[in-house]
Each structure stands twice: as structure tokens, then as C-alpha cells.
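Take a look at the structure set out below.
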Amino acid sequence: MKILCACLFTWALLSYCSQLYAQINTAVIQGRVSTEDRGPADLATVILLASDSSILKSAVCDDKGAFKFTALVPGKYLVLATKIGYNQSLSGPHTVIDGEIVNAAIKLTVSIPQLKEVAITGQRDYVEVKPGKVVLNVQRSIIAEGNSAFEILRQAPGVKITNNSISIIGRQNALVTLDGKPTNLTGEDLTGFLQGMTSGSIQQIELITNPSAKYDASAGGIINIVSRKGTNLGTNGTFNASAGYGNFYKSNVGVVFNNRTDKFNIYGNYSYTADEVFHTFTTDRIINFNGVTSNYNADYYTTQQKSYNNFKFGADYFITDKQTLGVVIYGTVNNNDYVKTNTLKIANNGVQDSTITTDSKLSRDISNINYDINYNGVLDKAGKTLSADILYNDFTRHSSEYIADNFYNAAGGNYRAPLFLQNLSPSGIHNWVAKVDYADPLSKNSKLEAGFKYSWVKSDNNLVFGPLANGQYQSDPKFSNTFIYTENVNSGYVNYTNNQDKINLVAGLRVDQTSASGQSLTLMQVNNHDYINLFPQVELTYKYNTKNDFTLSFNRGIERPSYININPFLYYVDVYDYRSGNPDLLPEYTTTIQLAHTYNKTLITTVYAYQTTGFYGFNDFEQNDATRVDITTVKNFGTFSALGLKFFTPVEFTGWWNAHFSLDASYQRIKAYAINGDLNKGTQDIQLSTDQNFSITNTLKAYILGKYESPTFYGISEYKSAYNADAGISEQLFDKAGSLKLSVNDIFNTIRDRASAHYQNLDLTIVDKSETRIVRLSFTYRFGKTSVKTVKHRTANEEEQKRAAGN
């Protein structure tokens, strides 16, 4: 442990020193932006451009109109200053050398309203880290190029994906939103949605660990996906296609388009994905009962052929230059065919007893469609804003599986007749959401926001399960069931923001009133839950000087159970293995405190602590030693707490080589409620990640990416270390309008979960492996108008995107 800590300290120190080294003997461009009357242009935006007009850095002038760009590599630069109500002003080129300070004086003139074009190509960093939030600028990196949203998240710093669970705080499920609106998907359905969404349709992905009161109160943080939506007058778009191979084929094709006029903006995207993948799952159970030691060893293997249709089509009507009415339809239509094989070998006291094979074919079709009408308006000259949304979500799943069990004795002969089973499990989820948000800029430095949200959902689930008898499938009442779940959540929030010279404050309170009812019609059981919760949030930032900021934040959140986790259906795996939901499952609550230090707006160190009560974020196993039957379920197990340190820094080694390093080291403790046993265990968890980026020529770029997580303990299981590496190379084509990328994900085929559980009467070992090593060739081409026009109109979801970005 001492050696590991010493290595981590050395690694962090070297990263820190590399950051400082990059600033030694480098140039500075500084200056002052003034208006025609020679007054300071405070709050003007100043953009540093390379000689080819690509964006390198940006800054906001202080109250004296001053700005400063440091740590510059010798070369030629342009400086562009902008401010609302004034014409843009371009200064330069300025030639700088090592150690030199160049002064630039820029004057802005009052603008006469008209449309002007400026041809600028952005070069923002792919990963931007701020206290409480990480932003992935998807269109700025070859790492994301050609990948699905799922792959982008898998590669992102601070993101952990395990068994269709996506986490940015510990291993708790994050709330995934699209343009600030919840997807209402979890587990396998969420994975399918993200795998069908290509990078070409995504502008940014925001990983928010400290969401304000304006958000749904998510205990696991928020992953907000911001769609690409053009602001340029005219028509433009992107075409992308990819083909890959691992153990099976992979393919994708898609298009993103936008057409904007003075009064309308019509936009959309469509992608089609066709893949075949495999999944293996091995479990070894040891059962001690009545002096007999039994081994139940199962090997599960499945192939999945899947086709995903992912789409989004919308239109904005600019009622006036300050009011916008928008409509949008988006969603997925997926088709999945599985072929499953499960082999269970049973031995007693080391002697082979029998083997049971389970073969099945499963067909599952999923449709998830969203209909949204939205309004955004600026109410007066003071800047008061009002936005409203009405959203309807329709989720439909058809699932039919036919199973064949064969039973063999130790000699290989059948000891009973085969068992043929039918498993039909259709479901439908209908969700209505209405919300209103209001913002009032009380002064130049302060703002008050308030809003209300109404959500109503109904989940209708059916399970028809039973054996084949006399040529017809029968319904077994022990398994077949109908479960209807309804939930109404009414939320209101108030949020106050105040920005001063040295101190920035964001403080808010969200109130949720929840009424939920689960009704099992077959079992004639009803579970009702009604509760009211308060979710406060505070973020206080102290600007010590121009290079050092300190941020202290507090947040309380909730994670409500997914619909499948509260569904009491008993799902069949084999005659000794089942899965079940828990209708008595209650929400879990998390309280988080963070203290972050930001150096030079790049190097961020965060100390954090959080505690979760009602913790249920893992699979629990209920084993009956007498019958040998194991049921995988979820329950409110106990409390989970963590104390940790996060560290992130970008490093520029040379003009052609830069990198990002991140570290998350924590001490965690899980304590069971008395009803669940006497578990009270602490453990360490260390996560490291880095991406190395290389500009080989002006058009040829490459990257290498790696992740590592130390052995740890979670739930009731010990996990072995996890690690992986990806790489890729990309060539820009057609005067940088297109690109061709070759990538390899999981080069050494090491992504898998390896765990063991030794708790109470359970002695279980698990190895979970999906197809992850994939070679992929991707092509992207951007077409249409690319120049930027100064347009006053607001897009329909601009305010929602600002909310999601924390502005």
C-alpha cells in the first residue's frame, strides 16, 4: 500500500510539475479593450486566435477592460474582441517570442444592427473540467469521432460503466438527460439508446456532479447530452458512416442537418446501427448443506443481433426576435434477436452429479418516442425570461422468448424429459411532463430563478410464463403476473445567483412531492408510497487571485428505483437461478460535500465526501441452501459513505503532444442495516485515466487512451482490478471538411468484471465479459454553410441548454 501511495504521489507531482514547466519561458499577450468614449469595455469577450483563425483561448475582461493570455507558445496570434451592442474588433497579427509580453489595445465601436459573417473554426479543448462539472466537447476530438454516445462515456474521465449502469459519483446510477430533459431509461434500455446515438449528433456531454436546484434532484449526478443544432443561416449538416469488427460485424450510418432562415429553424438527425455482439457470464456457487458441499457452476453465452434507429426532428418558429416556439420529436426504434446458451454443472462433494443445459431464442422490439412542445421568451429589457415545456413519452416493449431445458446425469444420459417454456413479457410506459421556468436578473450581478414541474407516469407490465403441455403453452400462476405502477412527482424550486468581484454564490432549494402506487393484479397486492423531500444546494466560489479559485459546495439528491427494480416478476434463468424486482424498494438519498481548488483554470483538485442512506445500488443474492435456488434481487441494504480526492490536469509536452491526466482516490465504507446482516466494511478505490493526443501533421492526428481501477469492495462483493487501453488515428480530408478515422477499442481485450461474494450463506464467484475489442473505420463529412452569422434569434432549447450547462 505504501508503494502504491508513493507511486500515486509521484505521478500527481510529475503531472503538476509538467503543467508548471509548460508555463516557463513562454509568451504573454495582454491588453485593454475600450469603447469609443475611451471607457473600459468591461465583460467584453476576448478570443485568442491562431494565424489560421482557429480559436485557442477565450477570456472575459475585468471591470477595467483588461485581459491576459499566458503560457503561449512562440508564434503569430490574432486577438478578437466582442461585446453585445458593439462591432467586433480584430487586432494583430502579433508575433511573440519566449519570455516576451506583448500589449494589445483594442477599441470597440457601437454597432448598427445588421448580419455579418465571420469565418472562425473552433479549437476548444475536448475535456473541460470545472468544479462540479466535466464538459466533453464532442466535436473537438478524434477520440469521440465516429463513436456512439455509449463509447464516448466509457472513455471519458471519471465515468464508470458496469452491467449497463453508468456512474459519475461512486457506482450510483447517473440521471441521463437529453438537452436537459430526462430520458426516463435505465439499464439495458438506456444502453441501447446510447449505443444508437452517434457522435455526429452530439455537441457536448456534460458530467455534472453538483447539479443546482433547477435540475431533477439526482443522487448520482447528471449526464446531460447536448444535441447539435445549428445557429447559422442557410443549410448545413454532417454525414457519417462506420464499419467495424470484433468477434462479429459492426456498422453505422447517419446524417445531421440544419436549415435556418430569419423566421424558421428546421433541424434533425437520423442514424442506423446494425451490430452483432456476444456476452459471457460465468458463476461458480458453493453450497454447504447437511454435510454436503455442492458446486453449481454456470456458463452463460449469448449472441445479440441488434438494429437501432435513432432520430430527432424539430422546428423552431421565431415569433419575434425575443420569442421562440418549438416542436421536436425524437426517440429510438430497436430490434433485438438473442440466441442464449446456459450450461449448469452440478457436483456434490467433488463428484459430478448432473448437467442442465438451457437454450433459448429471444426476440425483443423496443420503441421509445418523445413529443415535445416548448416556448422560450425574453419578457422585457431587463432580461426576464420565461420558458415552458410539455413533453409526452411513449415507451413500448414486445418480448417473446422460447426456452428448452435438457437434463443429463453424470454419464451423459437424460434423467428426465426436456422442459419447454414460453416467456412473454410485453410492457408499456407512458409519461407526461409539464414544466415552467422563470428567471429574473435582479441586478447586474444577481439573478433569481424559480420553476415548477409536473410528472405523471404509468408503467403497465405483463408476464406470461409456463411450460409446453399437450402441444400448447400453459400459463404458470407461480410466475405469470400483471403489474401496474403509477407515479406522480410535483416539483418546485427557487435558485439565487450572485456574482461579485471575489465571491460567487449559487444557492437553491428544490421540493419534491411524490405519490406512487404499485399494484400486482394476479397476486392482489398493492404497495403505496407517499413522501415529500427537500433538496438544498449551495455553491460558494472564492476568487483568491487571477490564478486560484476555491469552491465549496453542498448537495442533497435522490435516486428513485427503476421501474424494473420495483416490478415483482420472477424471471427465469434456469431451474436454480431467477431474477426478481422488489415492490417494497424505497428511494436512496445522498448528501455530498465538495471543496475544489482550481489553478489557472486548468488544474483542479477536489476533496469530497458523501453518504447514501437506503443504499441499493448493487445485485443482492438470496440463496436457499435446501433447494439450491438463488434469486438475484435488490433491497435497501444499508448506508454507503466515501471520502476521496480528485485531481485533473491537462499537460502540453510539446506543440504536437498534449495529454490529460485524472485521478480519483477514495476510502469507502458499506454498513448493512441489522435486518441484512452485520456487514461493516471499509475499502479503497483508486481510478486513473489518461489520454495522450498527437498532431503528427496539420491533418494527421492520433491518440492513446488508458484507464485503471484498483481492486475494491462494493455491495457484498470483492472486485479485482480493471484496466483497458484504446487507440486511434485520424486524417482530415477535403480541406478539413471530412475525416477518416481508424480506431481500436480495448486493445488487449481486458474489459470485464471479476468479483467474488462471501457473505452469510453465499459463496459466489463471477466473471462478466462482453464484446469490447473492436476495430472500427469511421468516415465523417461536413457540408453546407460553415460561416457564423450574428443572429439575434434564440433557439427553442437554448435556455434549457444553458440550464444544463449551469449558466
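The values are calculated or read from the model by the stated rules, or taken from the named source; none is laboratory data. All values reported here derive from a predicted model rather than from experimental measurement. Here the Cβ is made from the backbone with ideal geometry for all residues, glycine too, and neighbour counts use every protein chain on show. Keep in mind that these areas ignore ligands, DNA and RNA; they rest on the heavy atoms of the full protein, side chains included. Shrake-Rupley method; radii C 1.70, N 1.55, O 1.52, S 1.80 Å.
Go through the residues of the range 283-293 one by one and say whether even a single one is crowded, with 21+ Cβ neighbours inside 10 Å, more than 22 Å from the chain's Cα centre (by Cα) and more than 20 Å from V629 (Cβ to Cβ).
no
Quick check: anything in the range 364-376 more than 30 Å from the chain's Cα centre (by Cα) and hydroxyl-bearing (S, T, Y)?
Checking the range 364-376: not a single residue is more than 30 Å from the chain's Cα centre (by Cα) and hydroxyl-bearing (S, T, Y).
Mind telling me which of the residues K681, K707 ends up being basic (K, R), assigned to a strand (DSSP E or B) and open to solvent by less than 50 Å² (accessible area, probe 1.4 Å)?
Criteria check complete, one pass: K707.
Being surrounded by 16 or more Cβ atoms within 10 Å (Cβ to Cβ) and modelled with pLDDT of 95 or more narrows it down to one residue among Y330, Y301, Y338; which is it?
Result: Y338 is the single residue among Y330, Y301, Y338 that is surrounded by 16 or more Cβ atoms within 10 Å (Cβ to Cβ) and modelled with pLDDT of 95 or more.
Checking L552 against (1) at pLDDT below 95; (2) surrounded by fewer than 18 Cβ atoms within 10 Å (Cβ to Cβ): exactly one of these is not met. Which one?
Of the numbered conditions (1) at pLDDT below 95; (2) surrounded by fewer than 18 Cβ atoms within 10 Å (Cβ to Cβ), the odd one out for L552 is (1).
On the given criteria, is F483 surrounded by 15 or more Cβ atoms within 10 Å (Cβ to Cβ), in contact with a Phe, Trp or Tyr (Cβ under 6 Å, 6 or more places away or on another chain) and within 27 Å of D574 (Cβ to Cβ)?
No.
With respect to F661, is the statement that it is open to solvent by 20 Å² or more (accessible area, probe 1.4 Å), in a strand (DSSP E or B) and closer than 30 Å to L344 by Cβ true?
Spelling it out, it is not the case that F661 is open to solvent by 20 Å² or more (accessible area, probe 1.4 Å), in a strand (DSSP E or B) and closer than 30 Å to L344 by Cβ.
Quick check on my filter: what residues within the range 603-617 are on the phi < 0 side of the Ramachandran plot and crowded, with 20+ Cβ neighbours inside 10 Å?
Across the range 603-617, the qualifying residues are L603, I604, T606, Y608, Y610, T612, F615, Y616, G617.
Which of the residues that make up the range 604-631 are within 19 Å of N295 (Cβ to Cβ) and of a type in the set (S, T, Y)?
T627
Can you find a residue in the range 510-527 that is open to solvent by 30 Å² or more (accessible area, probe 1.4 Å), acidic (D, E), in a strand (DSSP E or B) and touching a strand residue (DSSP E or B) at 6+ places or on another chain (Cβ under 6 Å)?
No, the range 510-527 has no match at all.
Residue by residue through the range 148-179, note down the ones that are within 23 Å of P587 (Cα to Cα), in a loop (DSSP other than H, G, I, E, B) and either of a type in the set (S, T, Y) or open to solvent by 20 Å² or more (accessible area, probe 1.4 Å) (or both).
Passing the criteria: N163, N164, G170, R171, N173.
Just one of the numbered conditions (1) assigned to a strand (DSSP E or B); (2) touching a residue at least 40 places away in the same chain (Cβ under 8 Å); (3) surrounded by fewer than 16 Cβ atoms within 10 Å (Cβ to Cβ); (4) not β-branched (V, I, T) is not true of S363; which one?
(2)
Out of V96, V138, V73, V60, which single residue is modelled with pLDDT of 85 or more, more than 27 Å from Y608 (Cα to Cα) and either open to solvent by less than 30 Å² (accessible area, probe 1.4 Å) or of a type outside the set (F, W, Y) (or both)?
V138
So which residues in the range 606-628 are in a loop (DSSP other than H, G, I, E, B) and of a type outside the set (V, I, T), if there are any at all?
Of everything in the range 606-628, those that are in a loop (DSSP other than H, G, I, E, B) and of a type outside the set (V, I, T) turn out to be Y616, G617, F618, N619, N624, D625, A626, R628.
Residues to consider are N224, N265, N247, N259; find the one that is open to solvent by 10 Å² or more (accessible area, probe 1.4 Å), modelled with pLDDT of 85 or more, of a type in the set (S, T, N, Q) and outside any loop (DSSP other than H, G, I, E, B).
Only one candidate qualifies: N259.
Restricting attention to the range 719-742, report how many residues are farther than 18 Å from A702 by Cβ and surrounded by fewer than 18 Cβ atoms within 10 Å (Cβ to Cβ).
Selection size over the range 719-742: 6.
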